[in-house]
Amino acid sequence: MSSIVGQLVEPYATALMSVAKSNNTTEDFGNQMRSLIDLLKNSPELQDFLGSPVVKGEDKKAVITRMLGEEVHPYLRNFLMLLVDRGRILFLAEIAQEYLALLRKLNQTVLAEVTSAVELNDDQKHMVVEQIKARTGAHNVELDLKIDREILGGVIIKAGSQLFDASIRGQLRRIGMSLTVG
C-alpha cells in the first residue's frame, strides 16, 4: 500500500476500531469487513461502480444499502455512508484490510499466508496453526489459505517476516543449489 493511500486509510480504520471497541463489536465488524473484502474481490464490477466518480453518491448508497441488507450493524452502515459522502468509498478494501490488521493486533493474532498444492483438511490446518504459534509466540493465528499446484506438495508459510518453505518445489530448489555449489 502506498504511503499516500495509507495516510488516507489509517484514520478511517482507526476511527472504525474506536467505534467497534466502545460498542463491543470488534469481532462482528471484523467478520463483516472480511465479507466486504470477499465481495469486492469477487466483483470487479462493484469495485468499478463504487470507485467511479461519474456515479452519484446517492446511487452508491442505494446499492450499498441493498447489498448489505439488515445483517450489517447500523454503525458500520453509517460508516460506509460516510465513506461515500467523503469520496473515500473507493478505498473500502484497503480500509477493511487495515481494520483487520488493527483487530489482529488487538487480539494478539498473527496473519499467516499458507500456500499448499491441495486444500488442507482441518487436522492439517490445526497443525499449521500450532506450528505458527510455536514459532511466533502469537496467542492466535488467522490463516489466509491459497492453493498453488506448482509447489507440487507440502506448504509454504509466511507469518510476519518469517518464511517457512516446506514445499517439494522448495526442497528441489535447495537440493539443486547444493549440487551446483559443491
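The values are calculated or read from the model by the stated rules, or taken from the named source; none is laboratory data. Note that the structure is predicted; figures quoted are calculated from it, not measured. Positions of Cβ are generated from backbone atoms using ideal geometry, with glycine treated the same way; all protein chains shown enter the neighbour counts. Side chains included, ligands, DNA and RNA excluded: accessible areas come from the protein's heavy atoms. Shrake-Rupley method; radii C 1.70, N 1.55, O 1.52, S 1.80 Å.
Criterion applied to Lys133, Lys146 was being out of contact with any Phe, Trp or Tyr (no Cβ under 8 Å at 6 or more places or on another chain), modelled with pLDDT under 90 and open to solvent by 30 Å² or more (accessible area, probe 1.4 Å), and the one residue passing it is Lys133. The set of residues from the range 56-86 being surrounded by 13 or more Cβ atoms within 10 Å (Cβ to Cβ) and of a type in the set (S, T, N, Q) comprises just one member, Thr65. Residue pairs whose Cβ atoms lie under 9 Å apart, sitting 6 or more positions apart in sequence or on different chains, and linking a residue in the range 165-182 that is over 23 Å from Ile132 (Cβ atoms) to a partner that is open to solvent by 100 Å² or more (accessible area, probe 1.4 Å) and modelled with pLDDT of 80 or more, are Leu172/Leu152.
Mind listing whichever residues of the range 135-154 are of a type in the set (A, V, I, L, M, F, W, C) and out of contact with any helix residue (DSSP H, G or I) (no Cβ under 6 Å at 6 or more places or on another chain)?
Residues of the range 135-154 that are of a type in the set (A, V, I, L, M, F, W, C), as a first pass: 138, 141, 143, 145, 147, 151-152.
Of everything in the range 135-154, those that are of a type in the set (A, V, I, L, M, F, W, C) and out of contact with any helix residue (DSSP H, G or I) (no Cβ under 6 Å at 6 or more places or on another chain) turn out to be Ala138, Leu143, Leu145, Ile147.
Before we move on, is Gln32 modelled with pLDDT under 90, over 30 Å from Ala166 (Cα atoms) and outside any strand (DSSP E or B)? Taking the combined requirement at face value, the residue does not satisfy it.
In the range 150-162, the residues that are closer than 15 Å to Ile132 by Cβ reach residues that are part of a helix (DSSP H, G or I) and open to solvent by less than 20 Å² (accessible area, probe 1.4 Å) with C-beta atoms within less than 9 angstrom, at least six apart or across chains, in these pairs: Val155/Val128; Ile156/Gly170; Ile157/Val128; Ile157/Ile132; Ala159/Ile132; Gln162/Ile132.
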